[in-house]
Each structure stands twice: as structure tokens, then as C-alpha cells.
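These notes are about the structure you will find just below.
Any read-out appearing in this document is the output of simple, stated calculations on the displayed coordinates, not a laboratory observation. These figures come from a predicted structure and were not determined experimentally. Here the Cβ is made from the backbone with ideal geometry for all residues, glycine too, and neighbour counts use every protein chain on show.
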Amino acid sequence: MYAFTYERPVSQADALALIQAGGKALAGGQTLLASMKLRLAAPEQIVDLGAVKELAGIRKEGDALVIGAMTRHADVAESADVRAAIPALAALAGGIGDKQVRARGTLGGSVANNDPAADYPAALLGLGATVHTTARRIEADDYFQGLFATALEEGELITAVSFPIPRRAAYVKFRQPASLFALIGVFVAQTERGVRVAVTGGGNGVFRHAGMEAALGGSFTPEAIASVRTGESEMSSDLHGSSAYRAHLVGVMAQRAVAKALG
């Protein structure tokens, strides 16, 4: 690693001041520390958010769950409130990485990083969540902007994410065996505003599947999307799977997700 200074503020205000002065936020460290070890990132100052208690926690506000950015994956998975209100979100969190990753990784860190195969982005887009920052609120449809790209601006810090509670929802993924990231993951939700289908792992970032949403809007059954195809041109291709294979998996995972949502 390169030389750097380390700060561990205890308040959101102090953390924000350090970040706006050029510091690099450290949430769970699952991506940043690995990047630093490989010398792909060389921040001069690390701002550890682990002691900022106001950035963690889970609460219900009206018809939504609000989860703090520094809430660990394991805490989301084990939360009685999440399991009762949005069991699909608890199950998703419980399937991220391995036990060690879930004990350190955070919701905010995953959302800020926006890995194209991460699980949480599918939940945000599938549920129509809202990202809360120190400056504004950003709808999930506007937040994710492609490969590791988001609407976050320099010096802006995620504080929480609010998830509308759906009528029913489910997430199913085909795991990449080594990393446990989603080779393809599909989050399906039937909400007050209609059906939403979000796909992760397929290309340059999470995206909504308009064809499946339209079909499920008419009939929320696995059979309704059995003939809905996903364009291969939208899919990535690598040693883990071709674009054709990934496109096929989208349909399979989506049908399983709908069946799971129906119970």
C-alpha cells in the first residue's frame, strides 16, 4: 500500500468535513482495502465511518424501512423488522458473500461502489428505493448510472436508504462459485405502483427489465414471463458465462423469483 493518514470521526458532521476536504470514505472496506493492496487506489487520507453511530440502524417510517448506510449486511439479514416487512431484503443480505464479508460489509458501501454484480443494487432498483445523502434524496431509477457509476457527487455521503414495503417480493441469484457475486440475480417486487424487475450481474450495471414488468403487470405468475426474452447484446460475456448463457439465466432466475414471491 501507499502511505496514507487515517481518521476515525465519531459524528456525521466531522466525517463529512473530512470527506469534503479530500478524504476517502471507508465503510466496510471490502472493496477499498483490496483496491489499495493491489495499488489500484491510493487515497492520501482514509476516513473510517465505523464509529459514526448515527449512520447505522434500521427503523420503520410509514410504509418504508429506512436502513442506515453503515448497517452491516449481517444486521440486515438478522433484523426482525426487515424479516417481517421485506423478507426478500433480509434473505438477499444473508446471501451476500460469506460470513466474514457479511460481518464487515455495509449497505452504503455496496451502494456507493455499485459493482455490476452486487446484490444490493438489485434490491434498491427492484423496490424503487431512495438513497439519502448529506445533500439530497435520489431515486434508485436515477442513482445507478452504469459500471461502478452513480449519481453521487464529490464530497457527498450516503446516510441511509429507504425501501418501500412491497406487497410481495423475492430475490434469486445464480452465484459465481468463487466470489459468490451474482452471475445473474433477479429481484422481483409487486408494489403499490406496479411490478418492478431488476437484474444484476448481466452487464455494465443493474437494470430494470421492462418486458418482464409489463408481462407480470398483467399476470404475476412464472408462466407470464416464460416466453419473455432478454437480448444477448445487453449481457456481458467472460470466462464465467457467455452473453447467451447470461440472457438465458435472466429468464430462469426471474421465473424462480416470481414463484418464490408467491410462496
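Computing FRET efficiency as 1/(1 + (r/R0)^6) for D63 and S242, where r is the C-beta to C-beta distance and R0 is 45 Å, gives about 0.65. A full extension of the chain between V10 and A51 corresponds to an added length of 14.3 nm, given 0.36 nm per residue minus the alpha carbon distance.
Packing, taken as the mean count of other beta carbons within 10 Å per residue, orders the peptides 171-182, 32-43 from highest to lowest as 171-182, 32-43. For segment 168-262, the relative contact order comes to 31 percent (Cα pairs under 8 Å, sequence separation of at least 6).
Under a plain spin-label model, where a point goes 7 Å from the Cα along Cα-to-Cβ, how far apart in nm are K37 and L262? Label-label distance for K37 and L262, simple model: 4.5 nm.
A simple spin-label model places pseudo-atoms 7 Å from Cα toward Cβ; at E154 and T191 they are separated by 3.2 nm. Applying D = kT/(6 pi eta Rh) to the chain, where Rh is the Kirkwood radius over alpha-carbon pairs, T corresponds to 10 °C and eta to 1.306 mPa s, the Stokes-Einstein value obtained is 85 µm²/s.
Peptides 143-156, 110-123, ordered by how many other C-beta atoms sit within 10 Å of their residues on average, highest first, read 110-123, 143-156. Within the shell defined by Cβ-Cβ distances under 13 Å, the residues around T134 carry a net charge of -3, with Lys and Arg each +1 and Asp and Glu each -1.
Computing FRET efficiency as 1/(1 + (r/R0)^6) for A84 and R175, where r is the C-beta to C-beta distance and R0 is 41 Å, gives about 0.95. Multiplying the residue separation of Q145 and E234 by 0.36 nm and subtracting their alpha-carbon distance yields 30.6 nm. Packing, taken as the mean count of other beta carbons within 10 Å per residue, orders the peptides 2-12, 209-219 from highest to lowest as 209-219, 2-12. Net charge of the neighbourhood of K260, taken over other residues with C-beta under 13 Å away and scored Lys/Arg +1, Asp/Glu -1, is +3.
Note down the relative contact order for the chain as a percent, whole number, built from C-alpha pairs under 8 angstrom at least six residues apart.
Here the relative contact order equals 15 percent.
Could you tell me what percent of the DSSP beta bridges with both partners in segment 5-164 are antiparallel, to the nearest 5? Percent antiparallel among DSSP bridges in segment 5-164 is about 75.
Kindly provide the helix-only [θ] at 222 nm of the chain, computed as the sum of -39,500 (n - 2.57) over DSSP H runs of four or more divided by all residues, to the nearest 500 deg cm²/dmol? Present the calculation step by step, with values, prior to reporting the outcome.
Numbers: 11 runs with 89 residues, N = 263.
When only DSSP H runs of four or more count, the value is -9000 deg cm²/dmol.
Rounded to the nearest 0.05, what FRET efficiency is calculated for E223 and R167 with R0 set to 25 Å and r the Cβ-Cβ distance? My answer for the efficiency is 0.85. Residues whose amide H lies under 5 Å from that of T150, counting only those 5 or more places away or on a different chain, are Q145; hydrogens are built 1.01 Å from N in the peptide plane.
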